[in-house]
Amino acid sequence: MAPAVRFRAAVALLGRFPALAGVDLDVDPGEVVLVQGANGAGKTSLLRACAGLLPVAQGEAHVLGHDLRTGRGRRDVRRHIGLLGHAGFLYDDLTVEDNVRFAVKAAGLPDPHAATGRALERLGLHTRLRTVAVGRLSTGQRRRTALAVVLAKAPELWLLDEPHAGLDAESRDTVDAIVKDAAAAGAAVVLASHEIDRATALAHRTLVMAGGHVHEQDRVHVA
Amino acid sequence: MWRDAALMAGKDLRIEARSRVATNQIAPFGVLVLVLFAFALDPDRGVLQRAAPGLFWVAVLFASLLAVQRSFAVESADSARDGLRLSGLDPAGIFLGKAGAVALQLLALELLLGVFVVLLYDADVHRAVIVMATAAAATVGLAAAGVVYGMLAAGLRVRETLLPLLLLPVVAPVLLAATRATEAALDITPVSDAWPWVRLLSVFAVIYTTFGVLAFETLLEEA
C-alpha cells in the first residue's frame, strides 16, 4: 500500500528561513500521526507543506501519489485534502451552512446538500446555528464550522492543527470520534496538538519536531 | 471552469447581498463623487454638461477600486484565500467568477450613476446603443484588470494603498476611451467617433480577460 504522505529530506522555506529543514515522514492510509513540538518547531509548516500551501524547495514530497514539487501536483492533490489550520478559511458574511456547502460544491462532491447536512449534524450545527452568519459565532462554534467543512469534503488526508483548541468538552469528544472514524474509513490523519494526553490516545504514532526537523519518532499503542 | 466560475460568482454575490457593502457604501460613494463634481462646477452648467461623460467614468473608476478591494478583503479575512487554494476550484474559474461578480456590481452602479448624471448634469442620451456597448466593454475591462491587480496586491500588507497606484494607470485607457465614446452618445462629438473607442475598450477587455484566465493560477499561488 502506497503511503498517503511520503517526505524525504524535504526542505521548505519561509522567506530565507528553513521552516522544514530536511524532514523524512511516511504516513499510511488509516494511520493517525501526532506531531508534537514547541512553538516554532515546524508543526504548522509541516501541515501546510503536506497541503501544498508551503512549497517544498528541496527533497522529495509526495502526497496521495501527487508530486508536491510541481504546481500541477499541488493543485491536483488539494481537492482530496482537508486542512483545519489556525484560521478556519471561513467567510464571515456567509452562514454556517453556506460556508460548508460552498466547500463541498467546490470539491465537486456528489449530492452537496446531503454531505453538508451530515457534517452539520455531526458537529451539532444543524440547529438554528446553520443559518447564522459565521461572523456572529463564538470561537468554538467557528472552530466546529471549520471542522464541518473538512468533514463534509470527506478527504483522503486530514491535516488538523490544534483541532481541540477553543472547544468545550463535548465538542472535543466529537472531534476525537470524527478522527477515529476517518482513520477507520482509510483516511490518513496528521494531527498537531499541545493536548498531549488526548491526542496521544488518538494517535498510532508520535513525531516530535524541533527546529524544522523530525527529532524523534515513537510508536504509540491505541487503547 | 465555467461551473467553478458560476460557483465563485454566486459566493461573492451572496456575500455582497448579505453584507450590503456595495449598496450601503460603494454606491453612495459613487453618487457622492458625482454630487461633489456638481457642486464644484455648478456655476457653469455648460461645463458640467460637456464634462458629464468624463465625470461619470471617473466616478465609476473610483467606485470600481472599492469594489475590487472589497472582493479581495473577503478573501483575506480568516485566511480564506488559502481556503480557495485548497478548494480544488480551477484558478481560471476563480478569476472569471470574481471578475463576473465585480462586473455585475459595476453594471448596477453604472445604471444608478447614469440616472444621477441625467438628473444632476442635465445630460441628454441620444444614442443608447453606444452607451450600452461602451458600458459593457468598459465594465468587463475594469473588472478583469481590477481582479488581476487585486490578486497581485492581495498578499501584501500595503494592499489597500498599493492597489490604486497599480490599477489607476493601467485603466487610464478605459477612462479615456469610455469618455470619448460616451461623448459621442451624448452628441457632444460626432457619432462616428464612438465606435473606434468602443473597439479599443473591447480589445482591452479581451486582453485582460485572457491574461487573467492564463495567469491567475500563478497570481493565486504567489500572493
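Quick notes
- Radius of gyration (Cα atoms) of the protein assembly as shown, expressed as a multiple of 2.2 N^0.38 Å: 1.14.
- Inter-centroid distance (Cα atoms) of segment A:149-217 relative to segment B:91-119, Å: 44
- Counting, for every residue in A:83-91, the Cβ atoms of other protein chains within 10 Å of its Cβ and taking the mean gives 6.
- Percentage relative contact order, segment A:65-177, counting C-alpha pairs under 8 Å, at least six apart: 37
- Distant-in-sequence amide H partners of A:ALA57 (H built 1.01 Å from N, under 5 Å): A:VAL11, A:ALA12, A:LEU13
- Cα-based helix-to-principal-axis angle, A:139-153 vs chain A, degrees rounded to 10: 80
- Annotation: amide H-H contacts under 5 Å for A:VAL214 (H modelled 1.01 Å from N, sequence separation of 5 or more, or interchain): A:ASP24.
- The residues packed around A:ALA2, meaning those with a beta-carbon under 15 Å from its beta-carbon, carry a net charge of -4 if Lys and Arg are +1 and Asp and Glu are -1.
- Under-28-angstrom lysine pairs by C-alpha in the protein assembly as shown, whenever the two are 8 or more apart or on separate chains: 10
- Positions from segment B:1-33 whose accessible area shrinks by 40 Å² or more when the full protein complex is built, not the chain alone, probe 1.4 Å: B:ARG3, B:LEU7, B:LYS11, B:ILE15, B:ARG18
- A probe of 1.4 angstrom, applied to the heavy atoms of all protein chains, finds A:HIS62 with accessible area near 60 square angstrom.
- Cα-based helix-to-principal-axis angle, A:169-184 vs chain A, degrees rounded to 10: 60
- When the charge dipole of segment A:91-154 is built from unit charges on Cβ atoms (+1 for Lys and Arg, -1 for Asp and Glu) and taken about the Cα centre, the candidate among A:ALA152, A:PHE102, A:GLY140 whose Cα reaches farthest toward its positive end is A:GLY140.
- Among residues other than A:PRO29 with Cβ under 13 Å from its Cβ, the summed charge is -3 (Lys and Arg +1, Asp and Glu -1).
- With contacts taken as Cα pairs under 8 Å at a separation of at least 6 residues, segment B:2-222 carries a relative contact order of 28 percent.
- A:HIS213 accessible area, assembled protein chains, probe 1.4 Å, Å²: 80
- Averaging Cα coordinates gives a centre for segment B:153-223 and one for segment A:51-75; these two points are 36 Å apart.
- Estimated distance in nm for a label pair at B:MET1 and B:ASP187, the labels positioned 7 Å out from Cα along Cα-to-Cβ: 4.4
- Relative contact order computed over segment A:91-154 (Cα-Cα under 8 Å; 6+ residues apart), in percent: 50
- Dipole magnitude of segment B:2-222, debye to nearest 20 (Cβ charges: Lys/Arg +1, Asp/Glu -1, about Cα centre): 240
- Couplings 3J(HN,Hα) for segment A:188-203, derived from phi with the Karplus relation 6.51 cos²θ - 1.76 cosθ + 1.60 (θ = phi - 60°), are 8, 10, 10, 10, 10, 7, 9, 7, 4, 4, 5, 5, 5, 5, 7, 8 Hz, where x marks Gly and Pro.
- With Cα atoms as the point set, segment B:164-223 shows a radius of gyration and Dmax of 15.0, 47 Å.
- Taking every residue in B:73-82 and counting other chain Cβ atoms within 10 Å of its Cβ, the average works out to 5.
- Amide proton proximity set for A:GLY37, modelled H, under 5 Å, gap of 5+: A:MET209
- Comparing Cα centroids, segment A:1-41 and segment A:91-128 end up 30 angstrom apart.
- The per residue volume of the convex hull around the alpha-carbon atoms of chain B is 110 Å³.
- Of the complete DSSP H runs in chain B, those spanning 30 angstrom or more by Cα along the long axis with a mean Kyte-Doolittle score not below 1.0 are B:91-121, B:128-154, B:194-222.
- Helix A:96-106 axis versus longest C-alpha principal axis of chain A: approximately 50°, rounded to the nearest ten.
- Shielding value for A:95-108 is 4, the average number of Cβ atoms from other chains within 10 Å of each residue's Cβ.
- Equivalent-ellipsoid semi-axes for chain A (Cα gyration tensor, √(5λ), whole Å, largest first): 28, 19, 16.
- For segment A:204-209, 3J(HN,Hα) per residue [Karplus equation, 6.51 cos²θ - 1.76 cosθ + 1.60, θ = phi - 60°, Hz, x = Gly/Pro]: 7, 8, 10, 10, 10, 9
- For B:ARG127, net neighbour charge (Lys/Arg +1, Asp/Glu -1) across residues whose Cβ lies under 12 Å away: -4
- Average accessible area per residue (Å²) across segment A:131-223 - probe 1.4 Å, nucleic acids and ligands excluded: 43
- Taking a point 7 Å from the Cα of A:LYS180 along the Cα-to-Cβ direction, the residues of segment A:19-33 with backbone N closer than 16 Å to it are A:31-33.
- Overall dimensions of segment A:91-154 as given by Cα atoms, namely Rg and Dmax in Å: 10.3, 31
- In a reduced charge model with +1 at each Lys and Arg Cβ and -1 at each Asp and Glu Cβ, the protein assembly as shown shows a dipole moment near 160 debye about its Cα centre.
The values are calculated or read from the model by the stated rules, or taken from the named source; none is laboratory data. None of these values were measured; they are calculated from a predicted model. Ideal geometry is used to build each Cβ from the backbone, glycine not excepted, and the neighbour counts take in all protein chains shown. Just the protein is used for accessible areas: all its heavy atoms, side chains included, with ligands, DNA and RNA removed. Shrake-Rupley method; radii C 1.70, N 1.55, O 1.52, S 1.80 Å.
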